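Asks: A single structure is presented below for examination.
The values are calculated or read from the model by the stated rules, or taken from the named source; none is laboratory data. Keep in mind that this is a model prediction, so the values were computed, not measured. Glycine gets a Cβ as well: all are built from the backbone with ideal geometry, and neighbour counts include every protein chain shown.
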């Protein structure tokens, strides 16, 4: 069934927070993957009323297609304002597809220490996995064409919203 209507991304963030809430531990922190995952992680921190700052991760240098694509022109630095060692991490991204971005994020996280656990939270899981990675917390499993992609972006007021785009 083709995707005809996009869900409310803000409502999805609230739903994702409620999926995560029962699994929070005293040492749980959120780490968002730039850029969509970073926006969601910040929103989840507010909704879950977490005291710790959110970690923000850039996977550019750990991507297996770095040689082909190079650096994104608006690269944002990784910022992990807490000790990763022995912590329970929830890695946050907007869309899970092949699993390669998640693998790159895990590689980057291990540069900072060895966490006790890493769980993945996403708003959308579109399938198409190339690696054995799954999202423990997910609010939506859309069916997309091979040339379609989902793009999460803030509107003029900062409210998160989805748009569909053709993959180049």
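Asks: Say whether the condition of being within 17 Å of residue 40 (Cβ to Cβ), in a strand (DSSP E or B), without any contact (Cβ under 8 Å) to a residue 40 or more places away in the chain and in contact with a helix residue (DSSP H, G or I) (Cβ under 8 Å, 6 or more places away or on another chain) is met by at least one residue in the range 128-138.
Replies: For the range 128-138, residues within 17 Å of residue 40 (Cβ to Cβ), in a strand (DSSP E or B), without any contact (Cβ under 8 Å) to a residue 40 or more places away in the chain and in contact with a helix residue (DSSP H, G or I) (Cβ under 8 Å, 6 or more places away or on another chain): absent.
Asks: Out of the residues in the range 103-121 that are touching a residue at least 60 places away in the same chain (Cβ under 8 Å) and either in a loop (DSSP other than H, G, I, E, B) or touching a strand residue (DSSP E or B) at 6+ places or on another chain (Cβ under 6 Å) (or both), which is surrounded by the most Cβ atoms within 10 Å (Cβ to Cβ)?
Replies: 105
Asks: Those residues that are closer than 18 Å to residue 40 by Cβ, in a loop (DSSP other than H, G, I, E, B) and in contact (Cβ under 8 Å) with a residue 40 or more places away in the chain, I need them from the range 141-168; list them, please.
Replies: 142, 159
Asks: Please specify each residue of the range 1-34 satisfying the condition of being outside any helix (DSSP H, G or I) and surrounded by 17 or more Cβ atoms within 10 Å (Cβ to Cβ).
Replies: Scanning the range 1-34 gives 28, 29, 30, 31, 32, 33, 34.
Asks: Taking residue 144 as the residue in question, decide whether it is modelled with pLDDT of 95 or more and either surrounded by 12 or more Cβ atoms within 10 Å (Cβ to Cβ) or under 17 Å from the mean Cα position of the chain (by Cα) (or both).
Replies: The answer is no for residue 144.
Asks: Enumerate the pairs (first residue in the range 41-55 and modelled with pLDDT under 95; second residue anywhere and not in a loop (DSSP other than H, G, I, E, B)) with beta-carbon separation below 7 Å, excluding pairs fewer than 6 apart on the same chain, so at least 6 apart or on different chains.
Replies: Listed pairs, sorted by first residue: 52/29.
Asks: What is the number of the single condition among (1) at pLDDT below 95; (2) within 19 Å of residue 29 (Cα to Cα); (3) out of contact with any helix residue (DSSP H, G or I) (no Cβ under 8 Å at 6 or more places or on another chain) that residue 108 does not meet?
Replies: Of the numbered conditions (1) at pLDDT below 95; (2) within 19 Å of residue 29 (Cα to Cα); (3) out of contact with any helix residue (DSSP H, G or I) (no Cβ under 8 Å at 6 or more places or on another chain), the odd one out for residue 108 is (3).
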